[in-house]
Amino acid sequence: MWPLVRLAAGAFASPGAFLQVLAAGRYRTSLVNSLALSTAAAFVSVAIAIVPAWVFARERFPARNLARTAVSLPLTFSGVLVGFLVIVMLGRIGAVPKLAGFLTGRELFAGSAYTLAGLFLAYLYFEIPRAVMTLEAAFRHFPPELDAAARSLGAGPIARLLHVTLPYAAPALYSTLAVTFSASMGSFGVALVLARRFTVAPLEIYTELTAFLNDAVAGALCIALAALTFGVDRLFARRAA
Amino acid sequence: MPRIVSGALLRICLGVVVAAVLAPCPALALPAAGEDRTVVQYDCIPNYANWGGVTALYKQVTGVTVPPDPKGSSVAMAALEKEKDNPVADCAYYSGAIGYQAAQKGLHQPYKPKGWEKIPDALKDPNGLWWTVHTGTIALVVNTKALGGARIPRSFADLLEPAYKGKIAYDDPTWGGTSFTFVYGLNELMGGTDKDFRPGLSYLRKLDANVSSYPRESIYNAVLRGEVPIWINADGNGYKMKYVDGGPVEVVIPAEGTFTMPLVMGLAAGAPHADEAKRYFDWLLSAPAQAEFAKSFFRPVVAGTLPAELAAKFLPDADYRKARALDLSKMAAAADALKKAWLDEIRGTGR
């Protein structure tokens, strides 16, 4: 708790800090960017995670454990490492442009690691596993009788997913959104490596501290970021309940 | 196999792996009992100015360890200031203006290492709060194989051509002092002053269209591999890629002119190993240490210590006559404002 108190004290000691953060400019842009990027990453990663999570929770198939381990692997990577992986794939001489150059004669996607798309892909890379793991746990508790009942009434697999499983799993979906959203809001290493002009709040906090030793603005940014994350999480939590 | 055995085995394996991972890491290795033979230097990047070779040689000569440290100048100064009440570092290495600023902030204590009189007056603080260990020159470090058919750029004006789109990088000047020197000097070159940054920023805004990234870590290896074809950085890093690592690299002094950069050091206030650090400083100005720096093509500050076969590999003096010295006190005074302006106008506006 003590570090939190000191941080808040630093921010509130100079009242101008919050005004600076909320005024139009680099700080506010970074908060808005963080919010937009994290929200998009949360929704897209949860949408993508539904099917694999369902399969892992309900089906038994060969190499299931291997597949689960492979999916959860990115969770163990630090953000900086994920950033470098994206450069290896999508950098100016990345694997994807080289392969595209070999196949089509044109080096497609060269340097896209440093664009907003590259940053978004990196976020997805570590959010999808998080979403799969969280959703899988929820899907495990899904009562098979419901599915069997729907099937006996003649519902196909897609109809069952849309009308039975997803409504039943809605709370789990919302809390998974909250988990992935919060993780993205706090993510720092990926943006440190990849972000060129697109800036996110944790990056601005780092810059304020390291380049300018501006504790007040850094603290105010931290608090604003935390408040924003908490607020959106509450929204998700309310939908879940 | 009984479960308990496999659990124990697993734990042993894990232990071995953890030990193997930690063992080669000098920062974590425990010093032998009664031994305190370490000097902590902030900003000690092995690939920059051959710090890797210099610290290895020092270890070999004296047994004292100087661990690598990845901070850039600005971050090193910030860390010293943060830790003022409880210092961790003994010394720091910076590009000139940032070291000057750190000394002004009271983060250094005076020391005049052996060989002090051999350092030109303009390159040291009269009170011993900072002094130069070697100098570099801002240049274009070009990986010629990675240019994708574009010709080698010869000037700052060339860099604005569309052929170089996505092929240029310079470090975030809020991170590294080399890049700060570039941004400050460029502004002067374009007609700006220490109060008026518009000419430099206006050029950098145009350059931004061709820049792939503003890194906050050393991209030496990325340039060598060709991930970054053009790096605006210190000339020595380019010569080292060319002559030591055998990369397809050319160093270009821009036609419009460029800037010299003294690289300075200072003894940290409250340094925990102050005496050890002083002996280290004395050694750094000795002929063997100066010649070791020169292996990475940073020019020794002590005249006559640059080995002739290395001197021959630099670009001709005619090129270096285009390099001007910058006023460190003005640079230091403008540092925060210029970094902020750069963030606001170049990096931070979002895209």
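The values are calculated or read from the model by the stated rules, or taken from the named source; none is laboratory data. None of these values were measured; they are calculated from a predicted model. Cβ atoms come from the backbone with ideal geometry, glycine included; neighbour counts cover every protein chain shown. These accessible areas exclude ligands, DNA and RNA; they are computed on the full protein's heavy atoms, side chains included. Shrake-Rupley method; radii C 1.70, N 1.55, O 1.52, S 1.80 Å.
For peptide A:189-201, how many partner chain Cβ atoms fall within 10 Å of a residue's Cβ, on average? Each step should come with its number before you reach the end.
Values: counts 0, 0, 0, 3, 4, 1, 5, 9, 10, 5, 6, 1, 0.
If you average over the peptide's residues, the count of other-chain Cβ atoms is 3.
What FRET efficiency would be calculated for the residue pair A:His141, A:Arg64, taking the C-beta separation as r and a Förster radius of 22 Å, to the nearest 0.05?
The pair A:His141/A:Arg64 has a calculated efficiency of 0.75.
Amide H neighbours of B:Ala92 under 5 Å, counting only residues 5+ apart in sequence or on other chains, H built in-plane at 1.01 Å?
When sequence neighbours closer than 5 places are left aside, the close amide H contacts are B:Tyr42, B:Gly266, B:Ala268.
Tell me the net charge near B:Val244. Cut-off is 12 Å between Cβ atoms, B:Val244 excluded, with +1 for each Lys or Arg and -1 for each Asp or Glu. The partial results should precede the final answer.
Numbers: positive: B:Lys240, B:Lys242, B:Lys295, B:Lys313; negative: B:Asp245.
Cβ neighbours under 12 Å give a net charge of +3.
Placing +1 on the Cβ of each Lys and Arg and -1 on the Cβ of each Asp and Glu in the stretch A:137-229, which of A:Phe198, A:Phe139, A:Leu228 has its Cα farthest towards the positive end of the resulting dipole?
A:Phe139
What FRET efficiency comes out for B:Arg154 versus B:Val244 if R0 is 22 angstrom and r is the Cβ-Cβ distance? Round to the nearest 0.05. Could you put the intermediate results ahead of the total?
Numbers: r = 24 Å, r/R0 = 1.11.
Result of the calculation: an efficiency of 0.35.
So what is the orientation-averaged projected area of the stretch B:137-203, using the convex hull of its C-alpha atoms, in nm²? It would help to have the intermediate numbers written out before the result.
Values: hull surface 20.0 nm².
So the mean shadow area of the Cα hull is 5.0 nm².
Tell me the net charge near A:Arg58. Cut-off is 14 Å between Cβ atoms, A:Arg58 excluded, with +1 for each Lys or Arg and -1 for each Asp or Glu. Write out the running numbers ahead of the final one.
Numbers: positive: A:Arg60, A:Arg64, A:Arg68, A:Arg140, A:Arg151, A:Arg160; negative: A:Glu59, A:Glu136, A:Glu145, A:Asp147.
With Lys, Arg at +1 and Asp, Glu at -1, the neighbours total +2.
Say each of A:Leu166 and A:Phe43 gets a label point 7 Å from the Cα, pointing the same way as Cα to Cβ; how far apart are those two points in nm?
About 1.3 nm separates the two model spin labels.
For the stretch B:247-263, in order, what is each residue's ³J(HN,Hα) by Karplus, 6.51 cos²θ - 1.76 cosθ + 1.60 with θ = phi - 60°, in whole Hz (x at glycine and Pro)?
x, x, 10, 10, 9, 10, 8, x, 4, 5, x, 8, 9, 8, 9, x, 9
Taking square-rooted eigenvalues a ≥ b ≥ c of the alpha carbon gyration tensor, is chain A rounded, prolate or oblate, where a/c under 1.5 means rounded and, failing that, a/b exceeding b/c means prolate?
Working: a/c = 2.57, a/b = 1.38, b/c = 1.87.
In terms of gyration-tensor shape, oblate.
What percent do you get for the relative contact order of the stretch A:41-150 when only Cα pairs under 8 Å and 6+ apart count? Present the calculation step by step, with values, prior to reporting the outcome.
Values: 107 pairs, mean separation 43.4, N = 110.
Answer for the stretch A:41-150 is 39 percent.
Nearest 10 degrees is fine. How inclined is helix A:79-90 to the longest principal axis of chain A, computing both from alpha carbons?
The two axes meet at around 70 degrees.
Could you check which residue among B:Gly99, B:Gly191, B:Gly136 shows the biggest mean-square fluctuation in a GNM of chain B with a 10 Å Cα cutoff?
Residue with maximal mean-square fluctuation among B:Gly99, B:Gly191, B:Gly136: B:Gly191.
Figure the gain on full extension for B:Arg225 and B:Glu309 (residue separation times 0.36 nm, minus the Cα-Cα span) and round it to one decimal in nm. Mind showing how you got there, number by number?
Working: separation 84, 0.36 × 84 = 30.24 nm, distance 2.63 nm.
Difference between extended and current length: 27.6 nm.
Take a quick pass over the stretch B:102-183 and tell me how many lysine pairs come in under 28 angstrom between Cα atoms, counting only ones 8 or more apart or on separate chains.
Numbers: B:Lys105/B:Lys114; B:Lys105/B:Lys118; B:Lys105/B:Lys124; B:Lys112/B:Lys124; B:Lys114/B:Lys124; B:Lys145/B:Lys165; B:Lys145/B:Lys167.
Going through the stretch B:102-183 pair by pair, I get 7.
Which whole number gives the average count of other chain Cβ atoms within 10 Å of the Cβ atoms across peptide A:202-215?
On the way: counts 0, 3, 2, 0, 4, 10, 2, 4, 12, 17, 8, 8, 2, 1.
Per-residue shielding by partner chains comes out at 5.
Report the trypsin sites (Lys or Arg not before Pro) located in the stretch B:127-156 that are in a DSSP loop and have at most 12 other Cβ atoms inside 10 Å of their Cβ, or state none. List each step's numbers first, then the result.
Numbers: sites: B:Lys145, B:Arg151, B:Arg154; in loops: B:Arg151, B:Arg154.
Answer in residue order: B:Arg151.
Under a 5 Å amide H to amide H cut-off, with H placed in plane at 1.01 Å, what residues pair with B:Met261 once short-range neighbours are removed?
B:Gly136, B:Thr137, B:Ile138
Local charge sum around A:Gly186 (other residues, Cβ-Cβ under 14 Å, Lys/Arg +1, Asp/Glu -1)? Intermediate values should be presented prior to the final figure.
Details: positive: A:Arg130; negative: A:Glu127, A:Glu204, A:Asp233.
Around A:Gly186, the charge tally is -2.
Sort the protein assembly as shown into rounded, prolate or oblate with this rule: let a ≥ b ≥ c be the square roots of the eigenvalues of the Cα gyration tensor; rounded if a/c is under 1.5, and if a/c is not under 1.5, prolate when a/b is larger than b/c, oblate otherwise.
Numbers: a/c = 1.84, a/b = 1.70, b/c = 1.08.
In terms of gyration-tensor shape, prolate.
If you average the sequence gap of Cα pairs under 8 Å that are 6 or more apart and divide by the length of the stretch B:60-155, what percent do you get for the contact order? Show your work: numbers first, answer last.
On the way: 50 pairs, mean separation 17.9, N = 96.
Averaging sequence separation for qualifying contacts and normalising by length gives 19 percent for the stretch B:60-155.
May I ask you to list the GluC sites (Glu not before Pro) in the stretch A:39-142 that are in a DSSP loop and have at most 13 other Cβ atoms within 10 Å of their Cβ?
Numbers: sites: A:Glu59, A:Glu107, A:Glu127, A:Glu136; in loops: A:Glu59, A:Glu107.
Here the GluC sites (Glu not before Pro) that fit, given the DSSP loop and packing criteria, are A:Glu59.
In whole Hz and in residue order, list the ³J(HN,Hα) couplings for the stretch B:264-269 that follow from phi through the Karplus curve 6.51 cos²θ - 1.76 cosθ + 1.60, θ = phi - 60°; x for Gly and Pro.
Rounded to whole hertz, the list is 10, 9, x, 7, 5, 4.
So what are the ³J(HN,Hα) numbers for the stretch B:302-315, from phi and the Karplus equation (6.51, -1.76, 1.60; θ = phi - 60°), rounded to whole Hz, Gly and Pro as x?
7, 4, x, 9, 7, x, 4, 5, 7, 4, 5, 8, 5, 4
Counting other Cβ atoms within 10 Å, keep those with at most 15, restrict to DSSP loop, and tell me which chymotrypsin sites (Phe, Trp or Tyr not before Pro) in the stretch B:264-351 are left.
Details: sites: B:Tyr280, B:Phe281, B:Trp283, B:Phe293, B:Phe297, B:Phe298, B:Phe314, B:Tyr320, B:Trp342; in loops: B:Phe297, B:Phe298, B:Phe314.
Loop-located and lightly packed - none at all.
Highest GNM mean-square fluctuation, chain B, Cα pairs closer than 10 Å: which of B:Glu227, B:Glu309, B:Glu217?
Of B:Glu227, B:Glu309, B:Glu217, the most mobile in the Gaussian network model is B:Glu309.
On full extension of the chain, what length is gained from B:Gln109 through B:Asp317, given 0.36 nm per residue of separation minus the C-alpha to C-alpha distance? Kindly include the intermediate steps, with their values, before the conclusion.
Details: separation 208, 0.36 × 208 = 74.88 nm, distance 3.66 nm.
Taking 0.36 nm per residue and subtracting the Cα distance, the gain is 71.2 nm.
Using only the Cα atoms of the stretch B:227-351, build the gyration tensor, take square roots of its eigenvalues as a ≥ b ≥ c, and label the shape rounded, prolate or oblate: rounded if a/c is under 1.5, else prolate if a/b is larger than b/c, else oblate. Intermediate results must be reported in sequence, preceding the final value.
Numbers: a/c = 1.78, a/b = 1.09, b/c = 1.64.
Oblate is the answer for the stretch B:227-351, as a/c is 1.5 or above yet b/c matches or exceeds a/b.
Select from chain B the helices, each a whole stretch of DSSP H, whose alpha-carbon atoms run 24 Å or more along the helix axis and whose Kyte-Doolittle mean is at least 1.0; answer none if there are none.
Working: long enough: B:3-22 (28 Å, 2.12).
In chain B, the long hydrophobic H runs are B:3-22.
If I build a Gaussian network model for chain B, linking alpha-carbon pairs within less than 10 angstrom, which residue out of B:Trp130, B:Trp51, B:Trp116 has the largest mean-square fluctuation?
Greatest mean-square fluctuation among the candidates belongs to B:Trp116.
Kindly compute the accessible surface that chains A and B hide from a 1.4 Å probe when together, both sides summed, and give it to the nearest 100 Å². Before the final figure, lay out each step's value.
Values: alone 13220 and 15670 Å², together 26240 Å².
Approximately 2700 Å² gets buried when A meets B.
Across chain A, where is the longest run that never hits trypsin sites (Lys or Arg not before Pro) in a DSSP loop with at most 10 other C-beta atoms within 10 Å? Mind showing how you got there, number by number?
Working: sites that count: A:Arg60, A:Arg106.
Free of exposed loop sites, the longest segment is A:107-241.
B:Lys313: which aspartates and glutamates have alpha carbons under 15 Å from its alpha carbon, excluding same-chain residues fewer than 8 sequence positions away?
The qualifying aspartates and glutamates are B:Asp235, B:Asp245, B:Glu250.
Any lysines with Cα under 16 Å of the B:Lys339 Cα? List them, leaving off those in the same chain fewer than 8 positions away.
B:Lys195, B:Lys330
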